[in-house]
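Structure, as C-alpha cells:
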Amino acid sequence: MLTIIKSPFLESKLSILRNKKTNNTIFRRTMDECSYLIAADVLKNIPFKKINVLTPLKKTTGKKIKNRIVLVPILRAGLGLVEGFTRLLPDAERGHIGLYRDEQTYRPVEYLCNLPKAENKFFIVLDPMLATGNSSAAAIKLLSKSGIKLKNIFLVSLLAAPEGIKFLESSYKSLKIFTASKDEKLNSNKFIVPGLGDAGDRYMGT
C-alpha cells in the first residue's frame, strides 16, 4: 500500500535537493529537514495504545507507542533519513543493512546485516531512493528471515520510481510504502528521473 506524503513545504525542500547546484552542506541539511517532515507523517500510522495520564488537575487518557521501534537504514543513503526519526524517537533501536548495487546486473549485493531481536518490535526501513526496488526487497527479505512479520514493517523513501513501486507491491502486497514523491521513470542506468542524482554521494560529500 503506497502513501505519498504531500505538502507544499516538503515539495520546496525537495526542489533544493533536486537542484544540481545545491552543495553538499546544504544538501545534507535539507535532507535532514525532509526527514523530520516525512517522519512526522509516517509516525501517524504506527500502532498506539491508550494510557492513563495524571495531569496537575485530574486523571485523563492519552496515547503511547505500542511497540518498540527499530530504525533500519539501508547504507549508505539511508543514513540521510535517520535524523528526523531519531529526533522524534530518541529511544528507538537501530539496525543496519548494507547493500551495494552491482553495476552490471543492477542487483543488490549484501555486505552487512545487523538487526536487533525482533520480538514485539516495529521496523521502519529507510531507503531514500526507491528505484528498481531490488535493494528494498532484499532488505525486506532479510527482515523476514529474522522473524519480522510484514505487518510490522514500514518502508520509507524520499523519491520513488513507478517501476520500483510496482515491483514491491507485486512482491509484498501488504507492505506499507511511504514516499515524498512518485517520480516519472527509471533511465537506462536505473536512476530515478527526474530524481536528484546519487543521494548517498551527495549526502556524504563523496
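The values are calculated or read from the model by the stated rules, or taken from the named source; none is laboratory data. Just so it is clear, the structure is predicted and the values come from calculations on it, not from any experiment. Backbone-built Cβ (ideal geometry, glycine too); neighbour counts: all protein chains shown.
Name the residue that is nearest to S188 (Cα to Cα), counting only residues in the range 125-151 that are buried (at least 19 other Cβ atoms within 10 Å of the Cβ) and of a type in the set (S, T, N, Q). Going through the qualifying residues, I end up with T132.
Would you check if there is a residue in the range 18-25 being in a helix (DSSP H, G or I), at pLDDT below 95, exposed (fewer than 15 other Cβ atoms within 10 Å of the Cβ) and out of contact with any Lys or Arg (no Cβ under 6 Å at 6 or more places or on another chain)? For the range 18-25, residues in a helix (DSSP H, G or I), at pLDDT below 95, exposed (fewer than 15 other Cβ atoms within 10 Å of the Cβ) and out of contact with any Lys or Arg (no Cβ under 6 Å at 6 or more places or on another chain): present. Between A92, A39, the distinction of being surrounded by fewer than 19 Cβ atoms within 10 Å (Cβ to Cβ) and touching a Leu at 6+ places or on another chain (Cβ under 7 Å) belongs to A92 only.
G62 passes every criterion in (1) surrounded by fewer than 19 Cβ atoms within 10 Å (Cβ to Cβ); (2) farther than 17 Å from A199 by Cβ; (3) touching a residue at least 40 places away in the same chain (Cβ under 8 Å) apart from (3).
Does S135 qualify as being touching a residue at least 60 places away in the same chain (Cβ under 8 Å), polar (S, T, N, Q) and in contact with a Leu (Cβ under 8 Å, 6 or more places away or on another chain)? It is true that S135 is touching a residue at least 60 places away in the same chain (Cβ under 8 Å), polar (S, T, N, Q) and in contact with a Leu (Cβ under 8 Å, 6 or more places away or on another chain).
Here A160 meets each of (1) surrounded by 14 or more Cβ atoms within 10 Å (Cβ to Cβ); (2) over 14 Å from the mean Cα position of the chain (by Cα) with one exception, condition (2).
Of the residues that make up the range 78-92, is at least one more than 16 Å from I38 (Cα to Cα) and in a strand (DSSP E or B)? No, the range 78-92 has no match at all.
Given the criteria farther than 21 Å from C34 by Cβ and either out of contact with any Pro (no Cβ under 8 Å at 6 or more places or on another chain) or among the acidic types (D, E) (or both), does V109 qualify? Spelling it out, V109 is indeed farther than 21 Å from C34 by Cβ and either out of contact with any Pro (no Cβ under 8 Å at 6 or more places or on another chain) or among the acidic types (D, E) (or both).
Exactly one of these conditions fails for Y106: (1) in a loop (DSSP other than H, G, I, E, B); (2) at pLDDT 95 or above. Give me its number. Only one criterion is unmet by Y106, namely (2). Scanning the range 1-17 for residues that are closer than 15 Å to L37 by Cα and either among the small types (G, A, S) or assigned to a loop (DSSP other than H, G, I, E, B) (or both) yields I5, K6, S7, S12, S15.
With respect to the conditions (1) touching a Pro at 6+ places or on another chain (Cβ under 8 Å); (2) of a type outside the set (S, T, N, Q); (3) modelled with pLDDT of 90 or more, Y100 falls short on a single one, namely (3). Scanning the range 166-206 for residues that are touching a residue at least 40 places away in the same chain (Cβ under 8 Å) and among the aliphatic types (A, V, I, L, M) gives L175, I177, A180, L186, I192, L196, A199, M204.
Under the condition of being closer than 12 Å to M1 by Cβ, out of contact with any strand residue (DSSP E or B) (no Cβ under 8 Å at 6 or more places or on another chain) and basic (K, R), the residues counted in the range 164-194 number 1. Can you report the number of residues in the range 59-73 which are in contact with a Pro (Cβ under 9 Å, 6 or more places away or on another chain) and among the small types (G, A, S)? Count: 0.
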